[in-house]
1. State all residues of region 76-97 that are buried (at least 20 other Cβ atoms within 10 Å of the Cβ) and under 18 Å from His354 (Cβ atoms); if no residue qualifies, say none.
2. Take Ala68 and tell me if it is free of Cβ contacts under 8 Å to residues at least 60 places away in the same chain, among the aliphatic types (A, V, I, L, M) and either under 25 Å from Leu405 (Cα atoms) or in contact with a Pro (Cβ under 8 Å, 6 or more places away or on another chain) (or both).
3. What tally of residues in region 182-215 results from selecting those that are farther than 23 Å from Ile136 by Cβ and outside any helix (DSSP H, G or I)?
4. If you scan region 350-367, which residues turn out to be within 19 Å of Val305 (Cα to Cα) and over 17 Å from the mean Cα position of the chain (by Cα)?
5. Residues to consider are Leu172, Leu181, Leu160, Leu189; find the one that is surrounded by 15 or more Cβ atoms within 10 Å (Cβ to Cβ), under 18 Å from Gly232 (Cβ atoms), in contact (Cβ under 8 Å) with a residue 12 or more places away in the chain and touching a Cys at 6+ places or on another chain (Cβ under 6 Å).
6. Kindly evaluate Ala138 against the criterion of being part of a strand (DSSP E or B), at pLDDT 90 or above and in contact with a helix residue (DSSP H, G or I) (Cβ under 9 Å, 6 or more places away or on another chain).
7. Cβ contacts < 8 Å: first residue within 23 Å of Leu349 (Cβ to Cβ) and assigned by TED's automatic domain parsing to the domain that holds Leu34, restricted to region 292-319; second residue among the basic types (Lys, Arg) and assigned to a helix (DSSP H, G or I), any location; separation 6+ or different chain. Result?
8. Filter region 343-360 down to the residues that are hydrophobic (A, V, I, L, M, F, W, C) and out of contact with any Leu (no Cβ under 9 Å at 6 or more places or on another chain), then identify the one that is surrounded by the most Cβ atoms within 10 Å (Cβ to Cβ).
Amino acid sequence: MPVGAGARRLKFLLVVGDGMADEPIEALGGKTPLEASRTPNMDFFARNGTVGLVRTVPQGMAPGSDVANMSLMGCAPQAYYTGRAPLEALSMGLDMEPDDVAFRCNLVTLGERSGGLFMSDYSGGGISTERAKTCIAALNERLAGPDFAFYPGVAYRHILLWRGGRKRFDGLETTPPHDILGQPVDSHLPSGAGEEVLRRLMGEARDLLRDVLPDRDGDGPAETANGIWLWGQGHRPRMPLLRERFGVRGVVISAVDLIKGLGLCAGLDTIEVPGATGDLATNYQGKAYAALRALREVDFVFLHVEAPDEASHQGRLHEKVAAIERLDEEVLGVLRRGLAKMEIEYRLLVLPDHLTPLRIRTHTDTPVPFLLYPEEHGPAFLYNEKEAERSGTFLEDGTRILNALFQQD
C-alpha cells in the first residue's frame with residue numbers, strides 16, 4: 001500500500017539545511033550558530049515533534065554532501081556510492097555509459113608563495129556562470145579530445161567526462177578543493193592510476209585560463225579563476241527508486257547539481273526555481289512556494305538549501321547565522337503557513353546533511369541533529385545540537401531516518 005494511503009492527503013517533506021550544524025563558538029558565548037540563531041519555526045516543530053541525532057556519514061567514509069545526502073535518500077552509501085561527479089553529470093542531462101567516468105571540475109583560484117601554488121579559493125573568486133562558460137568553452141576548444149570533454153554547470157561547478165575511462169582511473173585518489181584552502185596543492189594533486197593525464201590537463205588549463213580571464217569578474221573580488229581542480233570521480237550509480245520502496249511520487253528542489261542528480265537516481269523529478277543559486281543570496285521563498293505547489297500533485301518533497309554550508313566553507317560566521325535564520329523564516333515559515341492554509345496533513349523532517357564547522361571550514365562525520373514532526377514525545381525540546389544530544393535519541397544508520405519520516409519499519 002502506498003505511504004499515506006489511509007490518511008487524508010498525507011504529504012511528506014524533507015528539508016536539508018546543508019552544513020548548518022556546527023561546534024560551540026566563543027564569539028557566540030559558547031553557542032553554535034544553530035543555537036544562537038532565531039529559529040521560531042524549527043523550535044515549534046521540535047516542541048511538537050521529536051529531536052535526536054543521526055549518523056548520516058557511515059564510519060570510514062569521507063564526509064561529503066554526496067555520501068550524506070545519499071543516506072538521507074534512504075540508500076546505503078557503502079552499497080551505492082560511486083563518486084560525486086557522476087551524480088552532478090546526470091543532473092546536467094549527460095548520458096553516461098557504464099564504463100564512462102565523470103570528474104567534478106572546479107574553476108579555482110591558485111595563489112603563489114615560496115615558489116609553489118596554494119589553494120586560494122575553491123570557487124574561482126565567486127566567478128559568475130556566464131564568465132565560467134567562457135572558461136569551459138576555451139578548455140573544450142584547446143584541451144578536449146575524442147574521449148573526453150568539459151561540460152558547463154553553474155558558477156564554479158563543472159564536469160569533465162571521460163568516455164570509456166572507468167578502468168583507466170580505477171584506484172585514483174583525489175582531494176576536494178574546499179578541504180585544502182590556504183594549503184599547498186602539490187601534495188594534494190590526483191594520485192594513482194591515470195594521474196599523469198589529469199595533472200597534465202590541470203597544468204595546461206592554468207596556462208590557458210591565464211589568457212582567458214585576465215581581469216576581475218565584474219564587481220566581484222579581484223581574484224578570479226586561473227585554474228581547474230579535478231576530483232570526485234566516479235561511474236554511474238544504480239540506486240533503488242523511492243516510488244518502488246515507499247510508494248511515493250516526489251520531487252527534489254535544489255540549486256546544486258549534486259542533489260538534483262541524487263534525486264534523479266532515486267526517481268524524483270527536479271523543479272527549477274528562478275533565483276536559486278546555491279549561494280548565500282539564494283531564493284529561499286521561491287523554493288518554499290515551489291514545494292507548496294508541488295505538494296498539490298506529489299507525495300514527497302526533498303528541499304535542499306546550500307547557503308549555510310557555503311558560509312561555513314568561507315568562514316563567515318554572521319552569514320551562517322543569517323542563512324539559518326532565513327531558512328527558518330523564508331522556507332519553514334512559508335511552508336508552515338502555506339500547509340495550514342491548504343489544510344494539508346503532513347510529516348516533516350528537518351536536518352543538515354553533515355556538520356561544517358566554521359573552525360575548520362570543511363565537513364566532518366559527526367552525527368547531526370534532526371527534528372521530526374509530528375511525533376509523540378516526552379519532554380519538549382528546542383532544535384539545536386545540544387538539545388538533540390540531550391534527548392537521548394540516536395540513529396546509527398542514517399538511511400533509517402527516511403523510514404522514520406514515512407513511518408515504515
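The values are calculated or read from the model by the stated rules, or taken from the named source; none is laboratory data. Values in this document were obtained by computation on a predicted structure and should not be read as measured data. Here Cβ is always computed from backbone atoms with ideal geometry, including for glycine, and neighbour counts include all displayed protein chains.
1. Result: Pro77, Tyr81, Gly83, Arg84, Leu87, Glu88.
2. For Ala68, the condition - free of Cβ contacts under 8 Å to residues at least 60 places away in the same chain, among the aliphatic types (A, V, I, L, M) and either under 25 Å from Leu405 (Cα atoms) or in contact with a Pro (Cβ under 8 Å, 6 or more places away or on another chain) (or both) - is not met.
3. Result for region 182-215: 6.
4. If the condition is that a residue be within 19 Å of Val305 (Cα to Cα) and over 17 Å from the mean Cα position of the chain (by Cα), then no residue fits.
5. After applying the criteria, what remains is Leu160.
6. Considered against the rule, which asks whether it is part of a strand (DSSP E or B), at pLDDT 90 or above and in contact with a helix residue (DSSP H, G or I) (Cβ under 9 Å, 6 or more places away or on another chain), Ala138 comes out as no.
7. Leu303/Lys287; Val305/Lys287; Ala307/Arg326; Pro308/Lys320; Ala311/Lys320; Ser312/Lys320
8. Of everything passing the filter in region 343-360, Leu355 is surrounded by the most Cβ atoms within 10 Å (Cβ to Cβ).
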